[in-house]
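J.: Dropping a structure here in structure tokens format, bear with me for questions.
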Amino acid sequence: MSSNLKASLPLNVDEDTDLTDRFKDSALAITALFKHAQRSRRTAFAQGYTACVSDLRDFIRSNVRTSETDKPLTVGAILDFLESRQTQLSRDVDFTPATSTNLPAAKEKSTQSRHRKSPSTTSIRTNN
């Protein structure tokens, strides 16, 4: 029975070649799209990380200069700044960051550690 089926099917090499070429073109297009997406993701990550470092640097610089007459800049103040900035960014893009601070036990531990004298009362001093 299978021999009759094979004999009854038309053999069209041109169509098979055309189909193979289309498949190869599609596979190349998907590969190019994937590579472009990877480059875009890496670029976006680098831009976001650069913005984060810049924000933190600017915060520290502006608060170190004003802290000479006021209270000194503490690690706790930096952590508070980072948490508020992260919350603001999360609201802006409707995104919940996947960090250990999202877990209730980790959040409670984080809050407790900031209320201790160390490291939140540790001053950051610069030689200006």
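J.: Evaluate the distance, in nm, between pseudo-label points positioned 7 Å from the Cα of A51 and of V75 along their respective Cα→Cβ axes.
T.: Going from the A51 label point to the V75 one covers 2.8 nm.
J.: Let me ask something else. How far, in nm, would the chain grow between L82 and K35 when pulled straight, counting 0.36 nm per residue and subtracting the alpha carbon separation? Kindly include the intermediate steps, with their values, before the conclusion.
T.: Details: separation 47, 0.36 × 47 = 16.92 nm, distance 3.26 nm.
Here the answer is 13.7 nm.
J.: Rounded to the nearest 0.05, what FRET efficiency do D58 and L89 give with R0 = 22 Å and r taken as the Cβ-Cβ distance? Could you check?
T.: On the way: r = 15 Å, r/R0 = 0.70.
FRET efficiency, D58 to L89: 0.90.
Values in this text are rule-based calculations from the coordinates and carry no lab data. These numbers were taken from a predicted model, which means no experiment stands behind them. Note that each Cβ is placed from the backbone with ideal geometry, even for glycine, and that neighbours are counted across all protein chains shown.
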